[in-house]
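What follows is one structure encoded as C-alpha cells, with my remarks underneath.
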Amino acid sequence: MKIRPAELRDRRRIHEILVATARFTEDEVRSAMDLVDSAQEHPEKGEYIVHVLEDPDSGPKKLVQGYVCYGPTPHTDGVFDLYWIAVDPKQQGQGIGQLLLRFVENEVRRQRGRMLLIETSSKESYTPTLRFYERSGYDEISRIKDFYRIEDDKVVYCKKLTPS
C-alpha cells in the first residue's frame, strides 16, 4: 500500500468512496469534495492537504482505497484538524484507516504540530467511527448536544502529539 498526495485524477474515486460509505449526506459529500478541490486548486495556501492510499496490487490503475484531508488550524501554534478520512467500505477492517490516520499524525509531527483535532457527529451510524478514534488514542474533549440536528451532537476528539 502506498500513501501519496492526491492528484486531479483521484477526484472521482474519492467521490465514489464518500458515497459508498453511505454515512454522509449529499451536502456533506459536496463539502468534502469542496476541500479536495480547494487543495488541488490552491496548494500554495496549505489550508487543506489531501492524500490517498492506493493498493499497488489492485491492477495497472492502482485503485485508491481511501483518502484523508487535514490541515493546520488557522490562528494556532501547532494545532491541526483532521477534516475527512474515508475508506472504501469493501476494504474497511483491513487497517487502511489506521494507516491513513498514523500517516497524518506523522506528517503533523513533521510540520512541528503538537495536537490533532477531529470534529465528528454522534449519530448512530457513526458509532464505528467514534470507536475507531478512541481505539486510536483520541480523547473526547468536547460535545455540543444537538449541534447538527436534534440527537446529533458535535463530538470533538483530540490527540496530543509528541515529537518523533
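Tabulated data for the structure shown
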quantity	calculated
Qualifying residue in the stretch 117-136 (condition: assigned to a helix (DSSP H, G or I) and hydrophobic (A, V, I, L, M, F, W, C))	yes
Output for the stretch 113-134, where each listed residue is among the basic types (Lys, Arg) and farther than 20 Å from ARG23 by Cα	ARG114
Among residues of the stretch 141-152, those that are assigned to a strand (DSSP E or B) and either among the aliphatic types (A, V, I, L, M) or under 11 Å from GLU119 (Cβ atoms) (or both), counted	6
Residues that are acidic (Asp, Glu) and within 16 Å of SER38 (Cα to Cα), drawn from the stretch 64-84	ASP81
Filter result for the condition that a residue is in contact (Cβ under 8 Å) with a residue 12 or more places away in the chain, buried (at least 20 other Cβ atoms within 10 Å of the Cβ) and among the small types (Gly, Ala, Ser), over ALA20, ALA86	ALA86
Qualifying residue in the stretch 46-66 (condition: within 14 Å of the chain's Cα centre (by Cα) and without any contact (Cβ under 8 Å) to a residue 24 or more places away in the chain)	no
Answer from ARG30, ARG12 - the residue that is more than 16 Å from the chain's Cα centre (by Cα), assigned to a helix (DSSP H, G or I) and either surrounded by 14 or more Cβ atoms within 10 Å (Cβ to Cβ) or modelled with pLDDT of 95 or more (or both)	ARG12
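The values are calculated or read from the model by the stated rules, or taken from the named source; none is laboratory data. The structure presented is a predicted model; accordingly, all values stated were derived computationally and were not measured. No Cβ is skipped: glycine too gets one built from the backbone with ideal geometry, and neighbour counts run over all protein chains shown.
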